[in-house]
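Single-structure report; data block below.
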There are 2 protein chains.
Amino acid sequence: MCHAGGMRADARKNYDHLLEVARGIVAEHGADASLRDIARRAGVGLGTLYRHFPTREALLEALLRSSFGDLTARAEHLGRSVPPGEALLTWVRECTRFTTTYHGVTQVMVAAIEEPDSALHASCVELRAAGARLLSRAQDAGAARPGTDGTDLFALIAGLAWLGDQPALAPRAEHLFDVIAVPALGGHDVVGATVHADHELPTTG
Amino acid sequence: MCHAGGMRADARKNYDHLLEVARGIVAEHGADASLRDIARRAGVGLGTLYRHFPTREALLEALLRSSFGDLTARAEHLGRSVPPGEALLTWVRECTRFTTTYHGVTQVMVAAIEEPDSALHASCVELRAAGARLLSRAQDAGAARPGTDGTDLFALIAGLAWLGDQPALAPRAEHLFDVIAVPALGGHDVVGATVHADHELPTTG
DNA sequence: ACCTGAACACCGTTCAAGT
DNA sequence: ACCTGAACACCGTTCAAGT
């Protein structure tokens, strides 16, 4: 992106500080956090926030950019180093967990995928493409059911992430993953116990 | 409920008219519709709305009450008249569709199930119980996978309803149902074509 | 009993005025 | 080039004053 180049020193400082403050507030209050509040706590005029982040999505994009990149890279890495079915399942799990980092981000991501003007559009499309590659690889290997595409996978991740974002259901997030995602993806019979193998992944995302 | 009894004639009239207006506005703007707007368009003071519906959930409950009752009754009817697996699947599909009637209602329903003070609590708990009965009946018959309970079923419905509520995914709602709900529920192998039987149900809720 | 609407504390967004 | 904050049009919620 172009945010790094050609900014005046004071502007650059405001930008960075704004982002740092926003990270905390969005982590606490979710994607709907008050922009006024962010500007206030950053000790900056409201117009300054709008100058650097003309839209809420632009701010979220700046907050999520590196994580999106990580997840895309992670998909490619898993695709090379792990059996197809396991790679797919692991990646979907990691995506689901990540999306729960900031409350309410799932909805924004789903909306962004169909709005080319959204600041999050590119990242989400890229993520979907990365997932689609893992999915078709698994399908080719008979490790995932046919008849589904990248959008279905994206929806599956979004649905699970949304469920995990609901206070009433968050404690069951892992179980819901087993009950919903595993059978939806599995090409072979997965009613048994083998699929629960990597249940205890570190949460250190 | 007690809303019908002992209301003064003018109050009763306001109550009914408020509800009628609210139905239209919530249908158009979703569960987050402006309460001020509802009162305004009903030609009533804002305090009057709050008197009759002390909370947004109370208003939604009044709007949804009869549909909730219908769905619960429908579960019992299906449980008596249709084979276990088909009854479960049909009911889940109908619930999912209904929840899409008003935008954003899914989130409120999921939240209500863990908040006993919510006006929607009773209806949602009842709905979950009705689903749980269909589920365990199907499980006993080997027509649904074991290891899931009413809350899982409620979450599955909520997740699918939420996906169907997203503009970007709404067109795929039926397909997502086949890809996600069917395998999640199915006790036997459902990769084939048989499960797509009642795909063309009338949308006449 | 019931209704009204002003009052309060918030929003998002824009934009003239300043440096 | 960048920043500020008042201004505008909205919210949800409460509550004194009216009938």
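Go through the stretch A:35-52 residue by residue and turn each phi into a ³J(HN,Hα) via Karplus (6.51, -1.76, 1.60, θ = phi - 60°); whole Hz please, and just put x for glycine and proline.
Values per residue, Gly and Pro as x: 5, 4, 4, 4, 4, 4, 5, 8, x, 9, x, 4, x, 5, 4, 5, 5, 7 Hz.
Where nothing but the Cβ of Lys and Arg (+1) and of Asp and Glu (-1) is charged, how large is the charge dipole of the stretch B:9-52 around its Cα centre, in debye to the nearest 20? Could the numbers behind the result be given before it?
Numbers: 7 positive and 6 negative charges, 31 e Å.
Once rounded to the nearest 20, the dipole reads 160 debye.
Give the span of chain A's Cα atoms along each principal axis, as three whole-Å numbers ordered largest to smallest.
58, 36, 29
Let me have the relative contact order for the stretch B:9-52, percent, based on Cα pairs under 8 Å that are six or more residues apart.
Working: 23 pairs, mean separation 16.0, N = 44.
After rounding, I find 36 percent.
Averaged over peptide A:144-152, how many Cβ atoms belonging to another chain are found within 10 Å of each residue's Cβ? Don't skip to the end; give the middle numbers.
Details: counts 0, 4, 1, 4, 5, 3, 0, 5, 7.
Per residue, the number of nearby Cβ atoms from other chains is 3 on average.
Average partner chain C-beta neighbours within 10 Å, per residue of A:19-28? List each step's numbers first, then the result.
On the way: counts 0, 0, 0, 0, 0, 0, 0, 0, 0, 0.
Across the residues of A:19-28, the mean count of other-chain Cβ atoms within 10 Å is 0.
If you count, for every residue in B:70-83, the Cβ atoms of partner chains within 10 Å of its Cβ, what is the mean? Don't skip to the answer; put the middle values down first.
Details: counts 0, 0, 0, 0, 0, 0, 0, 0, 0, 0, 0, 0, 0, 0.
Mean partner shielding for this stretch: 0.
About its Cα centre, what dipole magnitude does the protein assembly as shown give when the only charges are +1 on Lys and Arg Cβ and -1 on Asp and Glu Cβ, stated in debye to the nearest 20? The partial results should precede the final answer.
Numbers: 38 positive and 50 negative charges, 227 e Å.
Dipole magnitude for the protein assembly as shown comes out near 1100 debye.
Can you compute the radius of gyration and Dmax for the stretch B:9-52, using only the Cα atoms, both in Å?
Both quantities, over Cα of the stretch B:9-52: 9.7, 30 Å.
Treat every Asp and Glu Cβ in chain A as -1 and every Lys and Arg Cβ as +1, leave all other atoms uncharged, and give the resulting dipole magnitude about the Cα centre to the nearest 20 debye. Could the numbers behind the result be given before it?
Numbers: 19 positive and 25 negative charges, 137 e Å.
Result for chain A is approximately 660 debye, rounded to the nearest 20.
Taking only DSSP H segments of four or more residues, each worth -39500 (n - 2.57), what value at 222 nm results for the protein assembly as shown once the sum is divided by all its residues, to the nearest 500 deg cm²/dmol? Before the final figure, lay out the partial values.
Values: 20 runs with 258 residues, N = 410.
Dividing the helical sum by the residues of the protein assembly as shown leaves -20000 deg cm²/dmol.
How far, in nm, would the chain grow between B:Leu35 and B:Asp16 when pulled straight, counting 0.36 nm per residue and subtracting the alpha carbon separation?
Values: separation 19, 0.36 × 19 = 6.84 nm, distance 1.55 nm.
Contour length minus Cα-Cα distance gives 5.3 nm.
How big is Rg to Rh over the protein assembly as shown, alpha-carbon atoms, Rh as the Kirkwood inverse-mean-distance radius? Working shown, then result.
Numbers: Rg = 23.3 Å, Rh = 23.2 Å.
In the protein assembly as shown, Rg relative to Rh is 1.00.
Taking H placed 1.01 Å from N in the peptide plane, check which residues at least 5 places from B:Ala144 or on another chain put their amide H under 5 Å from its amide H.
B:Gln139, B:Gly187
The numbers here are math on the coordinates, done by the rules we state, and not lab data. Note that this is a predicted model, so its numbers are computed, not measured. Methodologically, a virtual Cβ is constructed for each residue, glycine included, from the backbone with ideal geometry; neighbour enumeration extends over all protein chains shown.
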